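Have a look at the structure below before the remarks.
The values are calculated or read from the model by the stated rules, or taken from the named source; none is laboratory data. In this text, all values refer to a predicted model and were calculated from it rather than measured experimentally. Cβ placement follows ideal geometry from the backbone for every residue including glycine, while neighbour counts extend to all protein chains displayed. Note: accessible area is taken over every heavy atom of the protein model, side chains too, but ligands, DNA and RNA are not part of it. Shrake-Rupley method; radii C 1.70, N 1.55, O 1.52, S 1.80 Å.
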Amino acid sequence: AFGMEPWHASIEDTFALLCGEKKSLQGYRGYEKESLKDEEHPLAPYNITEQKELHLYETDATHGSTAVDEVFMAGRLIGGCMDCLVNLAGTNFDKVARFNERYENDGIIWFLESCDLNVMGIRRALWNMEHAGWFKHVKGFIIGRPLCFGSDMMGMNQYNAVTGILTKYKVPIIMDVDLGHLSPMMPVICGSYAKINAFGNDISIKMTN
């Protein structure tokens, strides 16, 4: 990605973060649906054609998930690609319970996205992670754009596949964030303490140690 010309703002942010010069990020305005990269053009820049639209939810036991204009959350960041993570749940490589207990006082923010999971696969993955106890002490969820963006299956879409599982935790949910397999991606530091604000289509992530 660092070979593309010109650099997208997300690549600049990533390089600055790696150099220790930046820990605060702002979301980007658009994203690419179809990449221009191929064998003959491996360094093609992002093909930004789509307008980003965040979906923000507050959740409670009475009303379920309610769309809102603004949310805030703070806690330790942990997460990644659900396609990979769900296969670790309940194995000898599953150390999430230890992480959750270590940072109980900070609370946990899960950042999640999916590659080749369809909407039913996303729902099943979240169900598995939930029953493995991963969402203990959760303070919020930020969900990246899935590669199956816009798909629908038997009345299930990318939004209710997530909210149908996560509403019970009564924490904010931000969806279609600049994370995952539809570029660009915000470079987040797993394990860092973060304060996340979202208002309309704008999101900011401020990370500390």
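For the reader, a short list of remarks on this structure follows.
- If you go through region 34-46 and pick out every residue that is out of contact with any Pro (no Cβ under 8 Å at 6 or more places or on another chain), open to solvent by 20 Å² or more (accessible area, probe 1.4 Å) and hydrophobic (A, V, I, L, M, F, W, C), you end up with 1.
Each row is one residue, and each column tells you yes or no for (1) β-branched (Val, Ile, Thr); (2) in contact with a Lys or Arg (Cβ under 7 Å, 6 or more places away or on another chain).
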site: LEU85; (1), (2): no, no
site: ILE108; (1), (2): yes, yes
site: VAL119; (1), (2): yes, no
site: ILE143; (1), (2): yes, no
site: PRO146; (1), (2): no, no
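- Filter result (open to solvent by 80 Å² or more (accessible area, probe 1.4 Å) and either outside any helix (DSSP H, G or I) or within 22 Å of PHE149 (Cβ to Cβ) (or both)) within region 6-33: PRO6, TRP7, GLU21, LYS23, GLN26, ARG29, LYS33
- Of the residues making up region 105-112, one or more are open to solvent by 20 Å² or more (accessible area, probe 1.4 Å), more than 23 Å from GLY150 (Cβ to Cβ) and of a type outside the set (Val, Ile, Thr).
- Against the test of being more than 17 Å from HIS131 (Cα to Cα), among the polar types (S, T, N, Q) and surrounded by fewer than 12 Cβ atoms within 10 Å (Cβ to Cβ), the options THR49, THR59, THR91 yield a single qualifying residue, THR49.
- Close Cβ contacts (under 9 Å, 6 or more residues apart or on different chains) running from residues in region 119-134 that are closer than 15 Å to LEU88 by Cα and open to solvent by less than 40 Å² (accessible area, probe 1.4 Å) to residues that are part of a loop (DSSP other than H, G, I, E, B) and aromatic (Phe, Trp, Tyr) comprise LEU126/PHE135; MET129/PHE135.
- Exactly one residue out of ILE189, ILE173, ILE196 is within 11 Å of the chain's Cα centre (by Cα) and in contact (Cβ under 8 Å) with a residue 24 or more places away in the chain, and it is ILE173.
- Inclusion of GLY75 among residues that are assigned to a loop (DSSP other than H, G, I, E, B), touching a residue at least 12 places away in the same chain (Cβ under 8 Å) and farther than 23 Å from GLN158 by Cβ is not warranted.
- Selection of first residues in region 38-66 that are without any contact (Cβ under 8 Å) to a residue 12 or more places away in the chain and of second residues that are of a type outside the set (Lys, Arg), restricted to Cβ pairs under 6 Å at least 6 apart or on distinct chains, gives the following pairs, ordered by first then second residue: THR66/GLU58.
- Boolean, LEU182 is of a type in the set (A, V, I, L, M), in a loop (DSSP other than H, G, I, E, B) and touching a Phe, Trp or Tyr at 6+ places or on another chain (Cβ under 9 Å): yes
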